[in-house]
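Undergrad: The structure is given below, and queries will be raised subsequently.
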Amino acid sequence: MKKVLTLLTAILSVSLLLIACGNKQDKYADQGFMNDLSKGLEARWSLSDSDPDNESKDFYKQLDKKELDSISSYSNKKFKNDKLHEHAIAYINALKKQKATLKYYGSDSFYDKWNKATSNRNAELLAINKIQKVKVPAKYKDYPEELKGSGKAQVEKK
């Protein structure tokens, strides 16, 4: 009888553990995305500030990589707010498109393509910020305001 009770207790414990782990998978990614978006932006701005005159191809690539490393996994995660998820995916795609403009690096059209891609990215960031405020450290408090101007211009253009 003691062995049966021990076995039932073990089975019940494992079952409860599996149920608890299953519930964690249903967790929404909204807040995690917002936190990682902030971290990615901070990493981008920190790199940009570290060498403001650097215009090398590798430097541009690293700017986008800083953000993509933080948020690219959110394309396939479940969000509670569908609009936030839509704009999160659009923002990730805008970063990827911006990175793709690097194939034009060195050509006369590179900066036009890079700037257009930046404006599209900023427009998505503005849309995200309307849904939920993007938090940034005080050190970078002016950066979102600058990006909003670029984003608003792109939204008006569309």
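The values are calculated or read from the model by the stated rules, or taken from the named source; none is laboratory data. Because the structure is a prediction, the values reported are computed rather than measured. For accessibility, only protein heavy atoms count, side chains too; no ligands or nucleic acids. Shrake-Rupley method; radii C 1.70, N 1.55, O 1.52, S 1.80 Å.
Undergrad: What percent do you get for the relative contact order of region 44-158 when only Cα pairs under 8 Å and 6+ apart count?
TA: 24 percent
Undergrad: Reachable aspartates and glutamates from LYS116, Cα under 16 Å, same-chain residues fewer than 8 places away excluded?
TA: In chain and number order, the partners are ASP64, ASP108, GLU124, GLU146, GLU156.
Undergrad: Okay, next question. Quote the accessible area belonging to ASP30 in square angstrom, nearest 10, computed with a 1.4 Å probe and with ligands, DNA and RNA left uncounted.
TA: Here the residue's solvent-accessible area equals roughly 20 Å².
Undergrad: Multiply the residue gap between TYR111 and SER75 by 0.36 nm, knock off their C-alpha separation, and tell me the result in nm, one decimal place.
TA: 10.2 nm
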